[in-house]
1. Within the range 45-68, identify whether any single residue is within 30 Å of residue 209 (Cβ to Cβ), modelled with pLDDT of 50 or more and outside any loop (DSSP other than H, G, I, E, B), and answer yes or no.
2. Just for the range 122-164: of the residues that are of a type in the set (S, T, N, Q) and in contact with a strand residue (DSSP E or B) (Cβ under 8 Å, 6 or more places away or on another chain), which one is surrounded by the fewest Cβ atoms within 10 Å (Cβ to Cβ)?
3. Check 273, 263, 290 and return the single one that is surrounded by 15 or more Cβ atoms within 10 Å (Cβ to Cβ), modelled with pLDDT under 90 and in the same structural domain as residue 311 (by the TED database).
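The values are calculated or read from the model by the stated rules, or taken from the named source; none is laboratory data. Just so you know, these numbers come straight off a predicted model, no measurement behind them. Every residue, glycine as well, gets a Cβ built from its backbone with ideal geometry; the counts of neighbours run over all protein chains shown.
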Amino acid sequence: MAMYQVKPVFGDDIKIDLPTCMYKLPNIHAQRSASGCSEHALQNGGTEVDPAFRDLEVRQDKIMGRLYELKAAVDGLAKTVTTPDADLDQTVTSLSQSPTATAFRGTADLDSLLGKDLGALRDIVINANPARPPLTLLVLHAMLCQRYRVLSSVHVHSSVSGVPAQLLSCLGPRHADSYVRQRFQLGFTLIWKDVSKLQMKFSIQNMCPIEGEANVARFLFRLVAPYPSDPALATLVDSWVDTAFFQLAEGSTKERSAVLRSLNGALGRDPWLAGPELSLADIACYCCILQTGPAASSPANVQRWLKACENLGHFGPAHPLLQ
């Protein structure tokens, strides 16, 4: 039993509306659709935007959409392809090795020299000036194709024009299966570009660019054959390479004559410049002699050595560029 009993102050039929939100604001979107004003018009106090600005906004949206699609396509390619240089206008792709060869050769050597490929094609990209074609690199490219399956490409940069046809086809004709990059071990990309020095890029993550035809030739030759383990013999090879590019190719007539006499003396003792086998010294000197003038005036030992180089077949790609 209750101690106190009080009569109810209000009746039982009272209804109270509880709030469902703290603040109420008018619907901005409804106002905009009703008035037909654009977003910029509302931001500018309700004034109408000029039609030219509206067209520019639509055009910008379309461009941004195309850029997003292009970025997505490039990101997809980047998962399987690593290409350090891409400012190309004209392309000629070739496969210099027989397409019937399916077994990869020299994979272990490439892994030890260049590191694991991680599923991406190892692509060597070279920028060269068409005014001075790098003959040594064409010879080394032919030697690489005999050892590995090489996907060869020739491009023309927008900085040059009127590149001769023999320069566009210097690495061979275009191959139908060149788009299947996974079938190849090595990519060899030559870009004709307005550069003062020949440049090579291999890995933009792990290597800085290599400049100079002599230095690039040293890099490529190590993929074909090991450098001499004897320090004295390796120094001899490097000395002949520097002599070829700095005195035979760029020196005066007097310097060139002195180098030819030195070559004649060295070739009188050995069949090749660095011993009993062909080396980078022979490749560099041969190409520089071929590029600087006729070999008919060379000494007897040098002429015999030039014929021996031509009989090997590696130097065939260099001759069409001199015509």
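1. yes
2. The extreme case among them is 129.
3. Result of the check over 273, 263, 290: 290.
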